[in-house]
Each structure stands twice: as C-alpha cells, then as structure tokens.
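These notes are about the structure you will find just below.
Every read-out reported here was derived from the displayed coordinates using simple, explicitly stated rules and does not represent laboratory data. Since we're looking at a predicted model, the values are computed, not measured. We place every Cβ from the backbone using ideal geometry, glycine too, and count neighbours over all the protein chains shown.
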Amino acid sequence: MAAKKQARKTNTSGEELLEHYKNMLMIRRFEEKAGQLYGMGVIGGFCHLYIGQEAVVVGLEAAAKEGDSRLTSYRDHAHMLACGMDPKGVMAELTGREGGYSRGKGGSMHMFSSEKKFYGGHGIVAAQVPIGAGLAFAEKYNGTDNVSFTYFGDGAANQGQVYEAFNMASLWKLPVVFVIENNQYAMGTSLQRASSSPELHTRGEAFMIESEAVDGMDVLAVKEAGVRAVAHCRAGKGPYILGVKTYRYRGHSMSDPAKYRTREEVQKMKDERDPIDHVRDMLEQGKHATTDQLKAIDKEIKKVVSKAADFAQTSPEPSIDELYTDILR
Amino acid sequence: MAIQILMPALSPTMEEGTLAKWLVKEGDTVQSGDIMAEIETDKATMEFEAVDEGVIGKILIAEGTEGVAVNTAIAVLLEDGEGASAAADAAPAPVEQALVEDVPAASTPAQAVAPVDTPMEDIPEGTTFTKTTVREALRDAMAEEMRANEKVFLMGEEVGQYQGAYKVSQGLLDEFGDKRVIDTPITEHGFTGLAVGAAFGGLNPIVEFMTFNFAMQAMDHIINSAAKTLYMSGGQMGCPIVFRGTNGAASRVGAQHSQCYAAWYAQIPGLKVVMPYSAADAKGLLKSAIRDPNPVIFLENEMVYGTSFDVPDLENFTVPIGKAKIWRQGEDVTLVSFGIGMKYALEAADRLATEGISAEVIDLRSLRPIDYDTLINSVKKTNRCVTIEEGFPVTSIGNHLSATIMERAFDYLDAPVINCTGKDVPMPYAANLEKLALVTTDEVMAAVKTVTYR
C-alpha cells in the first residue's frame, strides 16, 4: 500500500474537526446509498456522485454565513446536504417522489431550496456560472454583504459563458466566489486533454480577478481559502476564484464505465489522499475523539441516511395533477 | 459642376429625418470628411460629413426642418471657380421641391400603417388619448414600472449612455441612474444568465436584446434556466424577467438580422410570449409583462417603432397577456395576425371592404398563452380564416392556429385555412428579393379570394 500523506498539524479545535468529519461522512454515506438505490433501479436517469470531493463543499460551507447563496452543476447532492437541506427531501427527489424538494419534478440534477438559498442543480454545463454572478448582482443591488458561492467543474471551466461572467463580475465588482471544482476529469476527458493550461485558478487573471490554488482534499485548507475569498467579496472588492483540486472516486455518472483512468490511479487517491480519512487521522492524533466515538458518529449517520432512503422509497409518486402545476405562477 | 448634397439615409429604416443643425454656412469651403450638419433620425442625432470638397453655394433646407425625406437636395456644393449662378442652376426647381416635400407624408410607414381609428377596449368613456409612437410607449411603460417598483431594472447593450440602439430607452439613464439602467458588454449568453440569476435573487430585470437575433446566443438561459426553473423546483423558484427587443425583418439587413422568433418561443411551456402591434398594446402589454411573475418574451418590430397610435391617458393602463383584440368586425372571413403582420391584415381588410368582402381582423397580441376562444368564435361566425405573419412557413404560428381551428371548429369551416407567411428562405439582401421574401398584402388578398371562392 502506498504511503499515506501525513495528517497536517493544526490548531483547529476538536469540535470543528468533528463537525467537518460528520458533514463529510454524511455526504459519503448518502452518496453510497444513492449509488445503491440507482443500482436497484429506484433512482432513474442520471445520477452524479460526489464521493471523494467531500472536503470542497464542506470546507466552503464552513466559510459561509446566513444569507449567502450557492449553486452548482448537476453533481449537486453534496451541496444541498452541506447547506443544511434535509437528506430525506434530497433522496426523495432522487427517487422522483412527492416528498422530494421539487416534488419529484426536478430529479437528481434539478433541485432547489429558496429557504437555504440553494439555487440549483443545473444540468447544462456552466449555465450556473452567469446565474451565480446574477445572484451576486442581486446582493449588491440590495445592498447586503452576502456572497454567492458559484461552483463549477474543470469541464465547465472551458465554456465561454464562464468568461463572460468573469468579465461582468469583475467589471461590476460582484460578490461572487467562483469555485472551480477540478476533479480532473470532464466526464471521460482528463484535464490535460481538454485544457491548454491546467492551472485553472489562473483563468481569471485577464479579468483582474484575485485567485488561489487550493488543495481540495484538505478540508481545512479549503475552509481557510474560503474565508479569504469571502472576506474579499464582503469587503466590496469583487469576485474571487478558488481553483480547488480534488478527485472523484466514482464515474462521471452511474453509467460511466470509467475506461479513461486506471483502477490503480483511483486506489492511490483513496489510499493516500482521502479527505475523510485525513480528518479522522487529525481527530485521532489530536485525541479529539476516541475510536468508539467515531464509530458512534458513523452509526448515527448511517441511521439518518437509511431513514432518508426509506422515506424516498415510501413517499408516494407525485399526484398526476402535478403534471400541469408550476409551469407558470 | 455644382453638386447637390442630398439628405442621407443614416439607418436601414430611415425614410426621413430632421435637419437639426447646419455646421457650415454659404460660402464656407469644405473638405471631404468635414462635418457639415447634424441630422436627427428616428434613432439618434448623427453627424453628416462632406464626401466631396468645394464651397457651400446654397443651403436649400433650413436648419430645424423636420420630415426631410431621404435623397432630398439639402445644399449645393460648388467646385473651384464656380459662381453663385451655378448654385441656382443646381438647386431643384421650386415645383419639384414642393413635390419632394409632399412625398414623405404619403410614404412614411407611420401613415401607411396606422389605421384611421385605433379600437380600444375596456377603456372608460371620456378617456382622452395622446398620439404616441410605439418607441415612446415602450419607454413610458418601462419608466412607469421602474418608478413603481425599485426592483425593476433595465440591462442590455447600449441601453444607457447611448440612449438605446433604437432609442427605446431614451432618458431612462438620466431618470434612474446607472444602478438601474445598466450598459452591458456585448455578451448575450453571459448577461442573460446573469439577469436570470438576478431574477432568482428577487429582482425584476428587463433585458433588452438589441435584436432577438442576438438572443440566439442566450437561448439556453432563456429556455433552460428561465422558463423551466419554476417547474423543476416544484414551484419554489420563479423567474420574473422580461426579455424584449426587436424581432423580425427590419429593412435590408440580411439573413442574420431578419428573423421572426414568435413560433420558436411560443412553443416553450414556462414562457409567456407577446408581440404587440399598436403603441397602446405595446405600452399596456409591457407593463403587464414587467409585473408578471413569469419570464415574458416581448417581441417588438423596428419597422413600427416610429408609428404613432392613440394611447389612453390613464394612470394605470395595462393590457392583459393572453387576450386577443378584435380590430374590426366582419362577416365573410377572419384575418388573424399579430405584430407587424397586422399591417398587412388591416390593409387587406380595407381593400377587401371596397370589393364588398367584410373581413374580421383579430390581433392575437399574445402568442403564449393564445386566446383561442376569440379566434374560434370568430371563425364560427365567418366560416373562413386566413392567418398572417412574417415568420417562416414551416411550423409557423399559422400552422398551429390551423390545427386548432380544425380541432375545434371543423364543422364550421367552408374552406381550408390558408397561412400567409414569410417565404421559406433566409432573408435576402437585394431589395426586390427581400420584398418577395416577406408576406404581402396582395398575398393576403389572394388568400381571402381563395377561401371565399371569389
């Protein structure tokens, strides 16, 4: 087995580390369950899992405050869980049931929560980027100090509308944190095969947008960068780009045969850089939690996920009247 | 030899203009490229440069003259050594000039298009009206709604400092400032997405597309982001936004700038689509569109911007989306149209009346939702129908209306419905071909003759 990267030394409190641990584990267990339900045919269509990338959204949500908004691509389950949406409602949307966040009419890729200011869930690659800038535009127009966390992948980073959004966000000093979640594969095409420069955080330089490269497998590094980004935006200095390098363990979607990379490559990341193991090591080394405590947390999370899965399978399908509702207000 | 300086056409649709100011006087020497005058078109005030060099021999049209037709002689330029007598020779004879002055009044679209009386409905008795151009009506609608609601703002290319590429937003920047009248970079895909995000975030954007041809770049956000989110969010998140701008053929701007998108947008659930013809409807429908909690596609036409219609002097005048208007009652045939197509429908109805055919003319005004009942009731009365639009023929609005009439009024039909549309070709540039590519009043007349077996 390859050498595991040493857990970083940190002054972060045990309480905070535990919080990160729980949040990341929640995402992983939820996604594992979703994968299982997909395999059983309970979830249909496309289903894009976030396993391996948990530190990104958990670290950034730790830098957010009440009233901030967030939106992302179709790989969106984790973002919803991390901003406090109910796992039951998310899972029931995956199964297309009445209890889902969109009452079964959106599906895995199209979910929203006005309450949590989660603005989707976007199925068109990069469409969320100008929309995220628009949410920031509304914050500025309304005179708040809230920011918009606009997540997109390394694949989306090559779309033209990203640069249209960068230009306007910088020109108009919009409070938007552009988070490039670089999981290194745009579906089956590696970053090297699709991007003339692999340094995605530099993509805003031509627009005078401040940025930094972030280790997306280290939740504390992500949070620290998030805090800097958010402070920049709240101070009225305009947008900020975080080029976050991460890795997805599963395929692009459930129907991905993953022939474009080796099993060894995936296994190496799991063994050496797993973001959840990393926090667990910090917890153990810092004596912030005993093995028994961690087991109890694991058990509790499994219970929540299991309940969500039960709910998602027992919640009825939407009433046939729902076909014609919510088209217009 | 003395050269006549002619009133220039400074835009594709300009037929006349105001000679706002002379910057040269008789006796001045001008070089090619010197600015000689300021000319006000329907869109902007433009500087008019000399092409040839020489001495201004005579100024024929005084500054401040309005309605000077394109190609009217406005001054005479003398070449080196020519005297004043040459200027007199070159100036058009007084009789000719009188003729020239007469022409624009008869040939401006305003005169040709505007019906004698503009029918109004649901307008209280005693209401007064003001002649208003479609352009001003649109501006007034935006200004009124922006005054009423802080969350309404306008964004688009050249809407602010330039005062609108077609002058529709004239004066709005001065009144509302650059927080609410926002000049965008030329980036339709991006600013449309941004505006959709602002609408999700609780604002009420009005997005001006310089033309809907450019909205092709933004189509994904209009359809996938704006129209579908309410449904995909199970009713949580709507998108109160207006996309407006010129649509359809202008004049001699070729294939990429001349297309009617009515049928495209009308197909999309989650959108409302309107296409007004008169200034009153433009104003009333735009106010309704801005207040509507849904995404509204508002299709305008450059060719009627300068046309004046009666607009009621009412504080809170709106026109409901989804309601057609019967412009004239008739017995023998139903002519149904919308937007600039109404011009042909109304012209045809006038001509048909002289031939003893009584046409009922319906302006759909809204293309989603469509007021089917008004149309079906009319067809049940007249038993014949001709649809008129400038868009392409395949899967046109007319095709859809024909199918609906067949489903709902088949037994009432005395003849198949005929669709008069633009031709199935990209818009040609050549003047003669462009004319052929558009629908014509003659074609409407011929269609009516066919369905009435005359």
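Structural remarks
- In this structure the amide hydrogen of B:Gly160, modeled in the peptide plane, comes within under 5 Å of the amide hydrogens of B:Asp183, none closer than 5 places in sequence on its chain.
- All lysines inside 19 Å of A:Lys237 as judged from Cα atoms, apart from same-chain residues fewer than 8 positions distant: A:Lys65, A:Lys140, A:Lys173, B:Lys179
- Chain B: C-alpha gyration tensor shape, a/c 1.5 cut-off, then a/b vs b/c: oblate
- Measuring spread by the Cα atoms of the protein assembly as shown yields a radius of gyration and Dmax of 31.9, 112 Å.
- Whole-angstrom gap from the stretch B:273-335 to the stretch A:262-324, using each part's C-alpha centre: 56 Å
- Contact order normalised by residue count of chain B, Cα under 8 Å, 6+ apart, percent: 12 percent
- Chain A shape via C-alpha gyration tensor axes, a/c threshold 1.5: rounded
- For B:Cys385, the residues 5 or more places off, or on other chains, whose built amide H falls under 5 Å of its own are B:Thr334, B:Ile418.
- The mean number of partner chain beta-carbon atoms within 10 angstrom of a residue's beta-carbon across peptide A:139-146 is 3.
- Expected 222 nm ellipticity per residue - DSSP helices of 4 or more, -39500 (n - 2.57), all of chain A, to 500: -13500 deg cm²/dmol
- Value of relative contact order over chain A, rounded to a whole percent, pairs C-alpha under 8 Å and six or more apart: 25 percent
- Which of A:Tyr74, A:Tyr324 has the fewest Cβ neighbours within 10 Å, and the rest in rising order: A:Tyr324, A:Tyr74
- Vicinal HN-Hα couplings computed from phi for the stretch B:321-338 (Karplus, 6.51 cos²θ - 1.76 cosθ + 1.60; Hz; Gly/Pro x): 6, x, 10, 7, 10, 8, 6, 8, 7, x, 10, 8, 7, 9, 9, 10, 8, 6
- Solution diffusion estimate, µm²/s, Stokes-Einstein, the stretch B:324-388, Kirkwood Rh from C-alpha pairs, 4 °C, viscosity 1.567 mPa s: 114 µm²/s
- Here the calculated FRET efficiency for A:Ile327 and A:Glu32, from their Cβ-Cβ distance with R0 = 41 Å, stands at 0.70, rounded to the nearest 0.05.
- Reach of A:Lys88 by Cα under 23 Å, taken over lysines that are not fewer than 8 positions away in the same chain: A:Lys22, A:Lys33, A:Lys105, A:Lys116, A:Lys117, A:Lys295, A:Lys299, A:Lys302, A:Lys303, A:Lys307
- Neighbour-count ranking [beta-carbon atoms within 10 angstrom, fewest first] of B:Ser233, A:Ser69, B:Ser308: B:Ser308, A:Ser69, B:Ser233
- Note on chain B: helix-only mean residue ellipticity at 222 nm, from DSSP H runs of 4+ residues weighted -39500 (n - 2.57) and normalised by residue number, equals -9000 deg cm²/dmol.
- Ordering of B:360-366, A:139-145 by packing is B:360-366, A:139-145, highest average first (other Cβ atoms within 10 Å, averaged per residue).
- B:Lys25/B:Ala148 FRET efficiency (R0 51 Å; Cβ-Cβ; nearest 0.05): 0.55
- Of all DSSP beta bridges in the protein assembly as shown, antiparallel share, percent nearest 5: 40 percent
- Ranked by how many other beta carbons lie within 10 Å on average, peptides B:337-343, A:89-95, A:316-322, A:202-208 from highest: B:337-343, A:89-95, A:202-208, A:316-322
- Under a model in which nothing but the beta-carbon of Lys, Arg (+1) and Asp, Glu (-1) is charged, the stretch A:14-310 shows a dipole of about 660 debye around its Cα centre.
- Relative protection proxy for B:170-177, B:183-190, from highest mean packing down: B:183-190, B:170-177 (other beta-carbon atoms within 10 angstrom).
- Scanning residues 5 or more positions from B:Gln259 or on other chains, those with amide H under 5 Å from its amide H are B:Gly248, B:Ala249, with H placed 1.01 Å from N in the peptide plane.
- Among the residues of B:200-208, the average count of other protein chain beta-carbon atoms within 10 Å of the residue beta-carbon is 5.
- For the stretch B:130-312: rounded, prolate or oblate by the Cα gyration tensor [a/c cutoff 1.5]: rounded
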